[in-house]
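To keep things clear, I will list the structure first and then write my remarks on it.
The values are calculated or read from the model by the stated rules, or taken from the named source; none is laboratory data. Just so it is clear, the structure is predicted and the values come from calculations on it, not from any experiment. Reconstructed Cβ throughout: ideal geometry from the backbone, glycine too, with neighbour counts over all protein chains shown.
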Amino acid sequence: MLELDLNNPDSNTFAIALLDKLRSDRKRLIELYNDHFEVGQNAVSMSLYSGPEGRGAPQESSQWLIPAGRDRIGYHMQRSPVGWLGTGDSKLKQSARRKPWLNFFDPLSREIFVLSLPHHGSSKDFHEELLGFDALRIAVATTIRDRHRVAGLEDTLGRVSAAGKDYKVVDDKAESELVLQCGRLIKPA
């Protein structure tokens, strides 16, 4: 509140003062942020896991609806990993960042089915070790492939393929999409 020169403001007064400060003195706000948080904290903090808890085996008490396969139409129920790990713009090429990140997510290794590649698939933030999760089947790059706006995207996708994983490039223009469907069969108690 001191930086905004406010003393017990109502929410509207606070919002106006904050927006004014953002417009006029961004450098000072960045300094304040860096004083309170590690400068590179976004380098690994942007990751988000969505899926079941990692307990060593894919959901032993339930089954998941998964595609029946290329030769058959439809879906069937079986135990299967369904977790999704998003990496945002995490800078995971550097070992000093990647190793703690991998250690943190390792307990979920048998649940992570989809990995969103760091920084839209940039080779500057990617390392093959990211593909080492036990259940990982597909890596996703969220970008428009034709614009070549992501440094080293084709190199990253080549390394994903060489590691025996599938990949999909999904763009923000709805020119490509990735749809994963899963359902859960819960057995009555």
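Tell me, yes or no, whether region 132-142 has at least one residue that is within 14 Å of Ala163 (Cβ to Cβ) and under 11 Å from the mean Cα position of the chain (by Cα). Yes, region 132-142 contains a residue that is within 14 Å of Ala163 (Cβ to Cβ) and under 11 Å from the mean Cα position of the chain (by Cα).
The helices (runs of 4 or more DSSP H) falling completely within region 1-112 that include 3 or more residues that are at pLDDT below 70 map to 26-36, 42-45.
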